[in-house]
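What follows is a short report on a single structure.
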Amino acid sequence: MSKAPRVITVGYYAAAEDAAGTARERLHTDAATVGELAREVCERHGEPLASIVTVSSFLVGEETTRDPNASIDGIATVDILPPFAGG
């Protein structure tokens with residue numbers, strides 16, 4: 001049984017924001033994992049966002065992950081966090 005698409009807000013930071021051309025967008029998606037959502041935003045925005053997403057971590061709820069199998073079920077916002085200089 002497939003799930004109906006839902007709306008999720010994707011936040012882009014630093015280089016990801018530049019590549020996507022926006023800081024935030026609302027997407028209709030049926031993605032259930034970080035990897036599926038990442039694939040959708042890469043298809044939507046193409047290069048150079050795709051190369052940034054591959055090295056980024058993701059803020060899912062209050063947890064940061066790089067696991068493409070991490071569930072986003074029940075999550076309203078996912079932020080894409082590219083590596084930051086310094087720190």
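The values are calculated or read from the model by the stated rules, or taken from the named source; none is laboratory data. On a predicted model such as this, the values are computed, not experimentally measured, just so you know. With ideal geometry, Cβ positions are generated from the backbone for all residues, glycine too; neighbour counts draw on all protein chains shown. Side chains included, ligands, DNA and RNA excluded: accessible areas come from the protein's heavy atoms. Shrake-Rupley method; radii C 1.70, N 1.55, O 1.52, S 1.80 Å.
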| When you count, for each residue, the other Cβ atoms within 10 Å and take the mean per peptide, how do 10-18, 59-67 rank with the highest first? | 10-18, 59-67
| task | Calculate how steeply helix 34-45 sits against the longest principal axis of the alpha-carbon atoms of the chain, using the helix alpha-carbon long axis, and give the answer as 0 to 90 degrees to the nearest 10. | result | 70 degrees
| Inter-label distance, nm, simple model (7 Å from Cα along the C-beta direction), GLU63/ALA14 | 2.3 nm
| field | Calculated from backbone phi, Karplus (6.51, -1.76, 1.60) coupling profile of region 5-15 in Hz, x at Gly/Pro | value | x, 10, 9, 10, 8, 10, x, 10, 10, 6, 4
| said: Helix-only estimate, please: 222 nm mean residue ellipticity of the chain, summing -39500 (n - 2.57) across DSSP H runs of length 4 or more and dividing by its residues, to the nearest 500. | reply: -7000 deg cm²/dmol
| request: Would you mind putting 26-33, 51-58 in packing order, based on average other-beta-carbon counts within 10 Å, highest first? | output: 51-58, 26-33
| query | Rolling a 1.4 angstrom probe over the protein heavy atoms, how many square angstrom per residue are accessible across the chain? | reply | 59 Å²
| note | Long-range amide H partners of ARG24, meaning residues 5 or more apart or on another chain whose placed amide H is closer than 5 Å, are TYR12
| query | For region 15-64, what does the alpha-carbon gyration tensor say about shape, rounded, prolate or oblate, given a ≥ b ≥ c as the root eigenvalues, a/c under 1.5 as rounded, and a/b over b/c as prolate? | reply | rounded
| task | For region 24-87, build the charge dipole from Cβ charges (+1 Lys, Arg; -1 Asp, Glu) around the Cα centre, then report which of LEU59, SER71, HIS45 sits farthest towards its positive end. | result | HIS45
| note | A 1.4 Å probe over the protein heavy atoms gives the chain a carbon and sulfur accessible-area percentage of 52 percent
| task | Could you order ARG39, ARG24 by accessible surface area, starting with the largest, using a probe radius of 1.4 Å? | result | ARG39, ARG24
| task | Amide H neighbours of THR33 under 5 Å, at least 5 residues apart or on other chains, H built in the peptide plane: list them. | result | ILE72
| query | Convex hull volume of the Cα atoms in the chain, per residue, in Å³? | reply | 89 Å³
